[in-house]
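Reviewing the structure listed below.
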Amino acid sequence: MNIEQVLGHHLLDHSFGTLFSLGGLQMNLTKHLVMMWLVGAFCVLALGYAAHGRGSFALVLRGGVEAIALYIRDELVDPLLGHDGHRYLHYFLSLFFFILFCNLAGMLPLDAIPGNPGVSGTVTGNVSVTAGLALCTLGLIVVGGVRAQGLVGFAKHFIPLPAGLPLPVVLFVAPLLLVIELIGLVVKIFALTIRLFANMIAGHIVILGFFALIFIIGKSGLALTGPFALFMVTFVNCLELLVALLQAFIFTLLTAVFVGGVLHQH
């Protein structure tokens, strides 16, 4: 068993071909891109069915989705964004459900299905995807800050100087504060990127490691190796279900914290 090939197949992105080229930039059709399209379509269909579907299952699904939406609105968005929260609630709900379904989709054993074209994979285990989500948060920070405070007020947010300072002090301190604030903004986006990526990919590496343990140590003839590894794989999979929900919540929470910090000057 080549553990390097297994890790590469399950965790790395693979290209199916080129969609188009723009200048020197080439856009490829990759399995993670296809997986994101499938998850996005599933979000639209599943949440649309929860909102407008009929029958007992739709009623139960609607109740679950409503409970999550109310919790995000009442416990995250409104306390952190204040009266402006209703303007951005749809973004936070879309962000939470998209990340949640991406996390859960990465746990589906689609590779075991005959004829599967190889689109399975943990999308949020791709640092490019988590960086894209973090850049969406950056865009919301900028747009929300300018919308709430105006362009000048948002610029002053990066140079928080008290009134009445002498001009020489302002000229010396203002550039330092600007650099520090910009570095802090970059660190926030970097933290969002790495936190989600590292947490999601780590669980899958552990699961594959226990699977590899069956074949590696099994050659020694130890009878308990297989059952122990299978138990640990099952345990880590159950833990991954909790991590999938928790990481979607944490990403949404941190986004609300960062956006709420620029919507109000105090």
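The values are calculated or read from the model by the stated rules, or taken from the named source; none is laboratory data. Computed from a predicted model, the values in this text were never measured in an experiment. Ideal geometry is used to build each Cβ from the backbone, glycine not excepted, and the neighbour counts take in all protein chains shown. Please note that ligands, DNA and RNA were not included when accessible areas were found on the heavy atoms of the full protein model with its side chains. Shrake-Rupley method; radii C 1.70, N 1.55, O 1.52, S 1.80 Å.
Only a single item in (1) modelled with pLDDT under 85; (2) under 30 Å from Leu38 (Cα atoms); (3) in a helix (DSSP H, G or I) is not met by Cys136, and it is number (1). Across segment 53-62, the number of residues qualifying as in a helix (DSSP H, G or I) and either touching a helix residue (DSSP H, G or I) at 6+ places or on another chain (Cβ under 9 Å) or hydrophobic (A, V, I, L, M, F, W, C) (or both) comes to 6. Listed by first and then second residue, the pairs with beta-carbon distance under 8 Å, at least 6 apart or on different chains, first residue in segment 94-108 and open to solvent by 50 Å² or more (accessible area, probe 1.4 Å), second among the hydroxyl-bearing types (Ser, Thr, Tyr), are Leu108/Ser120. Among the candidates Val233, Val259, Val186, the residue that is of a type in the set (A, V, I, L, M), at pLDDT below 85 and either over 14 Å from the mean Cα position of the chain (by Cα) or open to solvent by less than 40 Å² (accessible area, probe 1.4 Å) (or both) is uniquely Val233. Residues that are open to solvent by 60 Å² or more (accessible area, probe 1.4 Å) and either at pLDDT below 85 or hydroxyl-bearing (Ser, Thr, Tyr) (or both) within segment 69-85 comprise Tyr71, His83, listed in sequence order.
Scanning segment 47-60 for residues that are under 23 Å from the mean Cα position of the chain (by Cα) and among the hydrophobic types (A, V, I, L, M, F, W, C) returns Leu47, Ala50.
Within segment 12-36, count every residue that is under 20 Å from Ile201 (Cα atoms) and open to solvent by 40 Å² or more (accessible area, probe 1.4 Å).
5
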